[in-house]
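Participant: Got a structure here, written out as structure tokens. Questions coming.
The values are calculated or read from the model by the stated rules, or taken from the named source; none is laboratory data. Note that the structure is a prediction, hence the values are computed from the model and not measured. Cβ placement follows ideal geometry from the backbone for every residue including glycine, while neighbour counts extend to all protein chains displayed. All accessible areas refer to the heavy atoms of the entire protein, side chains included, with ligands and DNA or RNA removed. Shrake-Rupley method; radii C 1.70, N 1.55, O 1.52, S 1.80 Å.
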Amino acid sequence: MNFRFNANSANWRLLPNLWDAVAFPLIICLIAMIAVGFHQTLLPIDSLKTQAISLDPTYLPEYAMRTTLRMLVAMLASLLFSLIYGTLAAKSRRAEKVLVPILDILQSVPVLGYISFTVTFFIALFPGRVLGVELAAIFALFTSQAWNMTFSFYQSMRTVPRDLIEVSRGFHLTAWQRFWKLDAPFAVPGLIWNMMMSMSGGWFFIVASEAITVGNNTFTLPGVGGYLAQAILSKNIHAVGWVLLTMSIVILAYDQLLFRPLVAWADKFRMENTRSDKAPTSWLLDLLRQTRLIHQILTPLGLLFSTIARIPLRLPKLKAAPPEKVRNNISRTGDIIWGTFVILLTLYVAYRVISYAQSGVSLDEVGHVLLLGLITLLRVAVLILISSLIWVPLGVMIGLRPALAGKIQPIAQFLAAFPANLLFPVFVIAIVHFHLNPDIWLSPLIVLGTQWYILFNVVAGASAFPNDYREAAANFHIRGWQWWRKVMLPGIFPYYITGAITASGGAWNSSIVSEFVQWGDTQVTAHGLGAYIAKTTAAGDFPKIILGVAVMSLFVTLFNRLLWRPLYAYAESRFRAD
């Protein structure tokens, strides 16, 4: 009798309930979208020419599905890259010396710079198939998402509180266990907010990734970006309006179905001894928690991941450890050998780049491009300063109020995802009609790719700020400017630096689409390095493309090395939450 009762109870737990009936269609739609998208990638590449982009708005749902799928695949690739790359850079002193500068350079290389060289590679990898162009578009979106997420994860790994590190050592956790039990959970809140920013940043470059023009070759993929590119060439203002409406729906959908549940789930990883009265909520997360069958299916997966995280993996140790003096000498020798190898490799790469670029550029051209880089640098520096003055106070206000953050989150995501291309008609018409100076009036377009990195990282820092620290400040009656200087600014400073680093890279990238704008046959150009790269990419002039990309990488790397990295080291040493 008892056995029968237990069996009936087990069967009852496996029966779906009303909430399963609501959740299952969402899962089935996701699976169907993946299946349809994968089938489309196997079509012949000639289908991109025979199936031209139609400006009929009835095609927009299908285009939106294709674009969303590309961005989700790029997001998963970016997440995997961030976990591996950020961990190596944070945990290995020698790897950090190479990986962080490489990350600075990768961030500085514009999306168009990647497209110019990756399209040919991926098409050759999958000849005659749409999959090659699809992978080139996904890789372009990856480059607009991964660096921001990697910087965030690296920053979090470097600022784990020392007392928690000591606790992990007291429990004799291995590096593998500490990663899953301490490092990754500590980094989750900031990483999720940067995932939102990265997803929105992908929308900013959606036209460049789906409407690819390199020399005489043009590949336009079915998607929102391809639709928008066609609308701009056709000067169809109604089609631009339909794109804006579609983007709003898609952004609201992935806010409600992806990021809002992640933010609510990540709230349990906040580092604090007391809990705020108002925690972020998500109707989808509540729905999944109330399901019966889906919950039973997901529970074994959770147990599997938990078991894997507890595996005591250790690196093999030497049987007889050498004396400390010998270990120090070996370490110094290893540093010298590693540094020499890195320098030689850098010189070789620089030699190859210069040798190739010399075939199509002169010294006068190099001087001209350096001057254009200084002009763009001035724009970027001014816009970073303005963005910081505006969004740091607002980001703190939003981050400290979970209820307000829940309301602002979809609005901020939409504004961050707003492509500069949608404003081309307004700016081109206004500049031409009123005879305005493009060097000044095209600059605001760069802000669309700059300010949101700062806002989202400051919100992440304020959201992760321990509630017990706030209560202590309130008990000591710390208010006004003293509260900002002694409490909040030190608490969010590492997050702000991460946002500022990625903001500067985003601004350099957005200069490519902001300094050279087009509406139909009308073109407006500002002086700057971004316009130079945009023009040479459209012309397929590879030596000049390499020159422009190399100069942009040089400026961004020097800017990071001379300004942001010293501030980053200062934040890491002075403003840890210990």
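Participant: Please sort 82-88, 404-410, 517-523, 201-207 by packing, taking for each peptide the average over its residues of neighbouring beta carbons within 10 angstrom, highest first.
Facilitator: 201-207, 82-88, 404-410, 517-523
Participant: Computed FRET efficiency, Cβ-Cβ of Leu80 and Ala279, R0 25 Å: what is it to the nearest 0.05?
Facilitator: Here the calculated transfer efficiency is 0.30.
Participant: OK, next. Put a dot 7 Å past each Cα toward the Cβ at Ala35 and Gln256; how far apart are the dots in nm?
Facilitator: Result for the modelled spin labels: 2.5 nm.
Participant: So, in nm, how far is label Tyr59 from label Leu371 when the simple model puts each one 7 Å beyond its Cα toward the Cβ?
Facilitator: About 4.5 nm separates the two model spin labels.
Participant: Just to be sure I understand the model, the point goes 7 Å from the Cα along the line to the Cβ. What's the resulting Gln296 to Arg93 distance in nm?
Facilitator: Label at Gln296, label at Arg93, 5.5 nm between them.
Participant: Please report the carbon-and-sulfur percent of the accessible area for the chain; probe 1.4 Å, protein heavy atoms only, DNA, RNA and ligands left out.
Facilitator: Summing carbon and sulfur atoms, their accessible area is 70 percent of the total for the chain.
Participant: Something else: Relative to the Cα centre, what is the charge dipole magnitude of the chain, using +1 at the beta carbon of each Lys and Arg, -1 at the beta carbon of each Asp and Glu, and rounding to the nearest 20 debye?
Facilitator: Using Cβ point charges on Lys, Arg, Asp and Glu, the chain gives about 2140 debye.
Participant: Pick out, from Val426, Leu252, Asn467, the residue whose Cα sits farthest towards the positive end of the charge dipole of the chain, with +1 on the Cβ of Lys and Arg and -1 on the Cβ of Asp and Glu.
Facilitator: Farthest towards the positive pole: Asn467.
Participant: Can you check what the net charge comes to around Ala473, using other residues whose Cβ is under 9 Å from the Cβ of Ala473 (Lys, Arg +1; Asp, Glu -1)?
Facilitator: Summing Lys and Arg as +1 and Asp and Glu as -1 gives +2.
Participant: Next question. Restricting to DSSP H runs of at least four residues, report the calculated mean residue ellipticity at 222 nm for the chain, -39500 (n - 2.57) per run over all residues, nearest 500 deg cm²/dmol.
Facilitator: -24500 deg cm²/dmol
Participant: Now, a different point. Per-residue HN-Hα couplings for the range 80-87, Karplus 6.51 cos²θ - 1.76 cosθ + 1.60 at θ = phi - 60°, whole Hz, x for Gly and Pro?
Facilitator: Result, ordered by residue: 4, 4, 5, 5, 6, 5, x, 5 Hz.
Participant: Taking the Cα of Leu554, stepping 7 Å toward and past its beta carbon, and measuring to each backbone N in the range 358-392: which are under 12 Å?
Facilitator: 363-374
Participant: If packing is taken as the average number of other Cβ atoms within 10 Å across a peptide's residues, how do 506-514, 535-543 rank, most packed first?
Facilitator: 506-514, 535-543
Participant: Relative to the present Cα-Cα distance, how much length would full extension add between His477 and Leu489 at 0.36 nm per residue of separation?
Facilitator: 2.6 nm
Participant: Moving on. In percent, how large is the relative contact order of the range 422-503, given Cα pairs closer than 8 Å and 6 or more residues apart?
Facilitator: Reported as a whole number, the value is 42 percent.
Participant: With a Förster radius of 30 Å, plug the Cβ-Cβ distance of Ala175 and Ile343 into 1/(1 + (r/R0)^6) and report the FRET value to the nearest 0.05.
Facilitator: Efficiency at R0 = 30 Å is approximately 0.55.
Participant: Let me ask another. How big is the Kirkwood radius of the range 79-186, worked out from every pair of different alpha carbons and given in Å to one decimal?
Facilitator: About 15.8 Å for the range 79-186.
Participant: Hey, what's the Kirkwood Rh for the range 150-244 if you take every pair of different alpha carbons, in angstrom?
Facilitator: Mean inverse Cα-Cα distance, inverted, gives 16.9 Å.
Participant: Can I ask one more? Set the Förster radius R0 to 60 Å, insert the Cβ-Cβ distance between Glu572 and Lys235 as r into 1/(1 + (r/R0)^6), and round the FRET efficiency to 0.05.
Facilitator: After rounding to 0.05, the efficiency reads 0.75.
Participant: On average, how much accessible surface per residue is there in the chain, in Å², for a 1.4 Å probe, leaving out ligands, DNA and RNA?
Facilitator: Dividing the accessible area of the chain by its residue count gives 49 Å².
Participant: Follow-up. Using amide H atoms built in the peptide plane, which far-off residues or other-chain residues are under 5 Å from Gly540 H to H?
Facilitator: Distant-sequence amide H within range of Gly540: Gly215.
Participant: Once the dipole of the chain is set up with Lys and Arg at +1 and Asp and Glu at -1 on Cβ about the Cα centre, which of Gln290, Ile501, Ala538 lies farthest towards its positive end?
Facilitator: Gln290
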